[in-house]
Every structure is written in structure tokens, then in C-alpha cells.
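Notes follow once the structure below has been shown.
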Amino acid sequence: MADGTDQKSSNQMWGGRFASGPSAIMEEINASIGFDKKLYAQDIRGSMAHAAMLASKGIISPEDKDKITEGLNTILSEIESGSFEFSRKLEDIHMNIEARLATLIGPAAGRLHTARSRNDQVALDFRLWVKEELQKTEGMLTALIAAFLDRAEENADTVMPGFTHLQTAQPVTFGHHCMAYVEMFGRDRARVRHAIEHMDESPIGAAALAGTGYPIDRHMTAKALGFREPTRNSIDTVSDRDFALEFLSIASICATHLSRLAEEIVIWSTPQFGFIRLSDAFSTGSSIMPQKKNPDAAELVRAKTGRINGSLIALLTVMKGLPLAYSKDMQEDKEQVFDAAESLELAIAAMTGMIRDLEVRKDRMRAAAGSGYSTATDLADWLVREAGLPFRDAHHVTGNAVALAEKKGCDLADLSLEELQAIHPGINKGVFDVLSVEASVASRTSFGGTAPSEVKKQIAWWRGRN
Ligand code: ARG
């Protein structure tokens, strides 16, 4: 039957040597149309470029090429309007489209598959899809970076505690903390750009695995499809999926960055920290506790990371034992990538919204920055600089000052000059200039340091780089 739906008949696309059709279970395990229909636009674009090349090389007639192009255009609008009937018996998107083309234009449809195989066809479609997804990711990361740059600029001198081990360490600025994420997402974006460059080679024309004897022009199809050049080895072309693995690795690293940020947002928005307030648009209430405002979006970003990492491991595991060239195992590449792409897009979009909308509670950050003896290092550095102590001795003296402040239940800046001089006679009232959190951050002017002057330089550097 023309639509391949007859149970007993063998598959019309490859069934020449088969007496009967597949068992129901075979059909179910074999079919990918349920998910690879997502590749319809890439498949049609690839077929149009292939047909145009075949005609220009005299492999098919110009009339057949016109019929094929017209038929493919019809199919495109059928799929986009929702009237196209996908059939599981036709396995995948490639054969669904080709079978429909045969119904629409007759025998000319059978000439489209000259000098190609589904192996290079799927490699092409999927690569086009991943490349477009990476281009989208690049734009989304740019928007996230822009949101962070704005927050960093507004908060270049907003003092907050910097943490190690989640214990107060030294005062930093919120602007500096935001710029740490700009660096992370900037590297993610650089990885995306690099991956696009890597995969910018056209697979079509590799055929089943060995290339073809037809006088095809792979440079022509590569150019028509927006690739830099054709791939150079037909076996590699149909057998590797490293472009998909690269996408998943980049997605996993980026999701890990997003997840750490999500974790910080969860912590910062607790009443105990109270560093930020999330907008209503990115939080939810509790059905039982009226006072609650939950950071659900951040929590879900954190959770999506598990899913994305899982996809990377799944595809690495699918690929690791496959002999060259194509094996059907590789059909399992798509769902992992589609799912990870959807999760990553959502996570970046949600995070961009949260960062844009969040309210920074400068008073709470300032109060927390001053507690926990966060300027102890500044006192030690002052003793080295002004009293000539070796750093190790200064560390010890400062430890004594912290112990005294702890005993008195006050901050270092609240100790009197007499008390400090009792700990070390070299201390004078100049020390109070470094014990405040503002003085502490302002002094850290080393390249990449937390001083507002330095943070502003780094913001300017990134602004010139978007
Ligand atoms: N649906 C298949 C896939 O996704 C297309 C390639 C099939 N090739 C083959 N030799 N059976 O990998």
C-alpha cells in the first residue's frame, strides 16, 4: 500500500527482500517517528538542497527536481498546519516524508534518495537541529549575562559577606558576586560558539558509509545548507554523534552553573538570610502556610540539572561500545538531546527572569557582611603593613583579637584602642580605617578583586564583549 499501512506487507521503503511485515513489537521498538518528527523542517531543507544538487549535476532531471521541491513545500505546510498524518509503520521522519512525497508527486519521489542514505540524512538533520539549538542557547546566555551586568552595575558597591564553606569569610560586593556568574556564563557561551564551529560541516553525501559513485557535489550542498564545508570522512560522518555529546556536555556544565546559582537564590531568599526578595512572578505560595513565598523556579532549575546530566550519561553510554559505522543504537541520541535542550532553555529563561526581577536587600547584606569577624584578614594585613609583623605573627595577633571580640559579643570594630593595644602594642587608631567592611572591600584593588573600582572595570570589559 502506498502509505505503508498494510500489516502483512513488507516496508515499502526497504522491504524488497522481506516477505512479510514486522511484528508489532518490532515496529514499536524500531519506530522513532514519535520523537524525530521534530526534525521535519531540517529533513525537508536537506532534501531540497540534495535534490537541487542532483539536478545541477545532471543526476536527476530539472523537471523531477521541481516536482520534488514543490511536493516538499506542500508537505512542509501540511506538517505546520497539523494536517499531516504521521505513520508509525513508516518508522521515522525521513520515510514518512518520502512516502507522502510519493503519494503527492508519483515516481519522481523515488529519485530523491539517489546518492544518499538515511544514515547521512539523519546525521544531517540532527546536526542542523543541534546547530540551531546552540545558536538559540548562545542568544539566551547573552540575555542572562546582560541581566547580570545590570545587577552588577547597580550593586558595584553593595557590600555582602563573601563565603567559603558557607561560613562568612571576607566582605565582598554583590556586584563582584554577580560578575562571578558573568564569567561562568561567558565561558558557557564561548563553549557554545566553539561547538558551533566544530560541527559546522555538512554530512550529506557520505551516503550509507562509503560515499557514492554518483558525481555529487558535497561542497554545493554544504553551502546551500549554511555549513562551512563538507565533512571529510564518510565513515566518521555517519557513525559519530560527538556533536550531540558536545551539546550535552555544554548543557550539563551550564546547568551546573545555573544550579549553583539556584541554590544561592534559595539560600538568599530565606528569612534567615534575607539578602534578596524574589518577585511574585518567580515564586509561589503554600497551600497551607499563608506566610510562605517559595523559590520554586530556582528549585526546579536546580532539579533540571539532574535531568540534563542524566541525558549526557545516557548518550555517552549508548555510544561507548559501537563499532563503526552506523548502528541503530544511535537512534536513541535524539530524545536525550531534545529533552536536555528543552530543560536548558527553560532553566536559562527562568534564571534570566529571576535575576532581572529580584530585589536586593542592601541593608541585610550590609549587616551580615559586618558579622562573623569578616574583616579579620584586614586586621592581619594592617599589622603586616603598618606594624611590620610577619604575616604568621599578624595572623596570631588577629586570632587573639577575634577571641576577645567573641568573648565580649561584639565586632572587631567595636573593640577599643586600649583593648587592641593590650593584644599588640604596635596597633594605633589608624587600624579602625580597615576594620569597616566598606574599607575592606575598597582596599581589594588587585586585578579581579572585589573593590568597586575593579568590579566596574570588569563590567566595562564585559559590556564591550557582548
Ligand atoms: N531513524 C534512524 C535514526 O534515527 C534513521 C537512520 C536509519 N538508518 C538505518 N540504516 N536503519 O538513526
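Here, each number is a calculation from the coordinates, and none is a lab measurement. On a predicted model such as this, the values are computed, not experimentally measured, just so you know. Note that we place each Cβ from the backbone using ideal geometry, even for glycine, and neighbour counts take in every protein chain shown.
Points to keep in mind about this one:
- Region 111-126, residues that are away from the ligand (no atom under 12 Å from the Cβ) and either among the β-branched types (Val, Ile, Thr) or in contact with a helix residue (DSSP H, G or I) (Cβ under 6 Å, 6 or more places away or on another chain) (or both): Arg111, Leu112, Thr114
- The set of residues in region 421-447 that are among the aliphatic types (A, V, I, L, M) and within 30 Å of Lys457 (Cβ to Cβ) comprises Val431, Val434, Leu435, Val437, Ala439, Val441, Ala442.
- Filtering region 189-232 to residues that are within 16 Å of the ligand (Cβ to nearest atom) and out of contact with any Gly (no Cβ under 8 Å at 6 or more places or on another chain) leaves Pro203, Ala206, Ala207, Ala208, Leu209, Ala210.
- Of the numbered criteria (1) under 17 Å from His50 (Cβ atoms); (2) within 16 Å of the ligand (Cβ to nearest atom), the one Asn73 fails is (2).
- If the condition is being of a type outside the set (S, T, N, Q), surrounded by 15 or more Cβ atoms within 10 Å (Cβ to Cβ) and within 17 Å of Met48 (Cβ to Cβ), then region 200-229 contributes Pro203, Ile204, Gly205, Ile216, Asp217, Arg218, Met220, Ala222, Lys223, Ala224, Leu225, Phe227.
This table checks each residue for (1) under 33 Å from the mean Cα position of the chain (by Cα); (2) closer than 27 Å to Thr212 by Cα; (3) surrounded by fewer than 21 Cβ atoms within 10 Å (Cβ to Cβ); (4) among the hydrophobic types (A, V, I, L, M, F, W, C).
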{"position": "Ala52", "(1), (2), (3), (4)": "no, yes, yes, yes"}
{"position": "Lys57", "(1), (2), (3), (4)": "no, yes, yes, no"}
{"position": "Glu63", "(1), (2), (3), (4)": "no, yes, yes, no"}
{"position": "Thr69", "(1), (2), (3), (4)": "no, yes, yes, no"}
{"position": "Ser81", "(1), (2), (3), (4)": "yes, no, yes, no"}
{"position": "Phe86", "(1), (2), (3), (4)": "yes, no, yes, yes"}
{"position": "Arg100", "(1), (2), (3), (4)": "no, yes, no, no"}
{"position": "His113", "(1), (2), (3), (4)": "no, yes, yes, no"}
{"position": "Gln121", "(1), (2), (3), (4)": "yes, yes, no, no"}
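- Close pairs (6 angstrom Cβ cut-off, 6 or more residues apart or separate chains): basic (Lys, Arg) in region 217-245, assigned to a loop (DSSP other than H, G, I, E, B) and surrounded by 14 or more Cβ atoms within 10 Å (Cβ to Cβ) anywhere: Arg218/Gly205; Arg228/Asp200
- Test: residue in region 329-339 that is more than 30 Å from Val122 (Cα to Cα) and over 23 Å from the mean Cα position of the chain (by Cα): no
- Among (1) outside any helix (DSSP H, G or I); (2) under 40 Å from the mean Cα position of the chain (by Cα), the one test that Ser20 misses: (2)
- Residue within region 83-91 that is under 19 Å from Ala51 (Cβ atoms), of a type in the set (A, V, I, L, M) and either within 16 Å of the ligand (Cβ to nearest atom) or touching a helix residue (DSSP H, G or I) at 6+ places or on another chain (Cβ under 6 Å) (or both) present: no
- Just one of (1) hydrophobic (A, V, I, L, M, F, W, C); (2) in a helix (DSSP H, G or I); (3) within 16 Å of the ligand (Cβ to nearest atom) fails for Ala325. It is (2).
- Among the residues of region 286-322, those that are away from the ligand (no atom under 16 Å from the Cβ), surrounded by fewer than 19 Cβ atoms within 10 Å (Cβ to Cβ) and closer than 23 Å to Asp236 by Cα comprise Ile313, Leu316, Thr317, Lys320, Gly321.
- Region 355-383, residues that are out of contact with any helix residue (DSSP H, G or I) (no Cβ under 9 Å at 6 or more places or on another chain), closer than 15 Å to Ala413 by Cβ and either of a type in the set (Lys, Arg) or free of Cβ contacts under 8 Å to residues at least 24 places away in the same chain (or both): Ala367
- Odd one out for Asp125 among (1) out of contact with any Phe, Trp or Tyr (no Cβ under 6 Å at 6 or more places or on another chain); (2) assigned to a loop (DSSP other than H, G, I, E, B); (3) farther than 30 Å from Ile355 by Cα: (2)
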